[in-house]
Every structure is written in structure tokens, then in C-alpha cells.
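A.B. asks: Would you mind keeping the following structure in view while I ask a few things?
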Amino acid sequence: MIALADTRNRILAAALDAASLEGFRGLSLAPLAARLHLSKTGVVLPFGNKQGLQMAVLETAMARFMAAVFQPSLLAPRGLPRLNALMRHWLNWLDQADGLPGGCPLIPATREWDDLAGPLQEKLRHSYRQWVATLEEMVRRAQRQGQLTMAADAAQIVFGLYCIILQAQQEYRLLQRPDWRQRAEQAYADLLARHKIP
């Protein structure tokens, strides 16, 4: 039983590395099997089939994201300090992605599966909605604590946060701009400045 769990974890780690480089749909069983010294059947067996492997890899990526971004932010006081901490950890994740060689695999995953109905799309959609709801609640908490104006639209602020993250990802990974983080931090400060209570 322990050996099976170890094998499953080895497969997940290698598949997550591959997904960060090639995407979830690009997970090729033959190179993965060769890297792990397993047969292709041996790679998918612990997960039922290739889609089961993709789902397990997606869930692993989400768990690592939450552990790196959300959970550390909970150490900060509720309200604006917690939102600030979350944004800082989120930018750290873009920068380091928990050691994944191709960076964060979740942003590309939303593009891969946005037009393909099925369990993976549903998982992404459900998780995204939960995450957005969590961020909106953080904004509302800052409003209730008198740190942001009550007139501010929480959904619009979260929309702005996502715009910053997506652009930061492009500036860092694609354009390789050395000042990507400073620009992201300034954009975040500007976004909040319009809604802060002095």
C-alpha cells in the first residue's frame, strides 16, 4: 500500500512538472513513463485513465497554489492587511510557482479547458468561482472594517486584481521584463488608492 502511494506521488510530481511546461492537454504518457521507468499503463493505472491523471494533477496544482498563496495570507489580520498579504504571496507564486519548471500551470489551464466541456472544465469553473468569491469577501471585509469605501464594487476590484496577475504573468514569463513585479505592485497600489479611506 505504501509502495503504491509512493508511486502515485512520484507520478503526480513528474506529471505536474510536465503540465507546467506543456499544459494539461499536452501530458504525454510515453515521455512521462520513460522518465519514471514505468509502462504507460503503469502511469495511468493509479488514476484509472488519462483523464483521471489530468484531474489528479489539476487538483495537486490547486492544492499547492492554495498552500503557497492563500494559507500564508491567513496569518495577516483580516481586512486590507490580509488582502495585501495575499497579493504579495500571489506574486511570489508567479515568480517561484513552488519550483515548477514552467511556472504556474493554472492560468494556462483555464485557456486549455475553457471551450472543452467535461469534468476538468467543471472543476476549473467551480474552483475559479470559489476563489473569486473568497477574494470578494476579503474586499468586503476591508470595507466593513472601514479600510475601503463602501461605494467600491468588490467584484470590480477583484476583476482588477486578476487583470494585474494576468499581465504580470505575461510580462514575467513571455516578455521577461525585469521590472514586472514593481509594475504589478504599483498597479495594485493604484487600484486600491481609488477606494482607500484615509
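A.B. asks: Name every residue in segment 1-14 that is of a type in the set (A, V, I, L, M) and either over 21 Å from G102 (Cα atoms) or buried (at least 17 other Cβ atoms within 10 Å of the Cβ) (or both), in order of residue number.
C.D. replies: Within segment 1-14, M1, I2, A3, L4, A5, I11, L12, A14 qualify.
A.B. asks: Exactly one of (1) without any contact (Cβ under 8 Å) to a residue 40 or more places away in the chain; (2) open to solvent by 80 Å² or more (accessible area, probe 1.4 Å) is unmet by A154. Its number?
C.D. replies: Just one mismatch for A154, condition (2).
A.B. asks: Could I ask something else about it? Quick check, is L91 out of contact with any His (no Cβ under 9 Å at 6 or more places or on another chain) and part of a loop (DSSP other than H, G, I, E, B)?
C.D. replies: When the stated conditions are applied, L91 does not pass them.
A.B. asks: Kindly provide the set of residues from segment 97-115 that are touching a residue at least 24 places away in the same chain (Cβ under 8 Å) and either of a type in the set (A, V, I, L, M) or on the phi < 0 side of the Ramachandran plot (or both), ordered by number.
C.D. replies: Passing the criteria: A97, L100, P101, G102, C104, P105, L106, I107, P108, A109, E112, W113.
A.B. asks: Right, another one. Name the one entry in L135, L148 that is touching a His at 6+ places or on another chain (Cβ under 8 Å) and surrounded by 13 or more Cβ atoms within 10 Å (Cβ to Cβ).
C.D. replies: L148
A.B. asks: Continuing with the same structure: For segment 159-174, enumerate the residues that are open to solvent by 90 Å² or more (accessible area, probe 1.4 Å) and modelled with pLDDT of 95 or more.
C.D. replies: If the condition is that a residue be open to solvent by 90 Å² or more (accessible area, probe 1.4 Å) and modelled with pLDDT of 95 or more, then F159, Q167 are the ones that fit.
A.B. asks: Just to verify a result, which residue in segment 116-132, among those that are over 21 Å from L94 (Cβ atoms) and among the hydrophobic types (A, V, I, L, M, F, W, C), is most open to solvent (accessible area, probe 1.4 Å)?
C.D. replies: A117
A.B. asks: Using the structure shown, decide if A154 is of a type in the set (A, V, I, L, M) and in contact with an Asp or Glu (Cβ under 6 Å, 6 or more places away or on another chain).
C.D. replies: Judged against the criteria, A154 is a match.
A.B. asks: Hey, another quick one. Among (1) out of contact with any Leu (no Cβ under 9 Å at 6 or more places or on another chain); (2) closer than 30 Å to G146 by Cβ, which single condition is G99 missing?
C.D. replies: Failed condition: (2).
Yes/no per residue for (1) hydrophobic (A, V, I, L, M, F, W, C); (2) modelled with pLDDT of 90 or more; (3) closer than 23 Å to V132 by Cβ:
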| residue | (1), (2), (3) |
| --- | --- |
| L4 | yes, no, no |
| A13 | yes, yes, no |
| L21 | yes, no, no |
| L36 | yes, yes, no |
| G42 | no, no, no |
| A61 | yes, yes, yes |
| R64 | no, yes, yes |
| V69 | yes, yes, yes |
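A.B. asks: Which residues, taken from segment 90-103, are more than 17 Å from V132 (Cβ to Cβ) and crowded, with 17+ Cβ neighbours inside 10 Å?
C.D. replies: Passing the criteria: L91, L94, A97, L100, G103.
A.B. asks: How about segment 125-145: which of its residues are small (G, A, S) and touching a residue at least 40 places away in the same chain (Cβ under 8 Å)?
C.D. replies: S127, A142 - these are the residues of segment 125-145 that are small (G, A, S) and touching a residue at least 40 places away in the same chain (Cβ under 8 Å).
The values are calculated or read from the model by the stated rules, or taken from the named source; none is laboratory data. Since we're looking at a predicted model, the values are computed, not measured. Cβ atoms come from the backbone with ideal geometry, glycine included; neighbour counts cover every protein chain shown. Just so you know, the surface numbers come from the protein's heavy atoms only, side chains and all, with ligands and any DNA or RNA stripped out. Shrake-Rupley method; radii C 1.70, N 1.55, O 1.52, S 1.80 Å.
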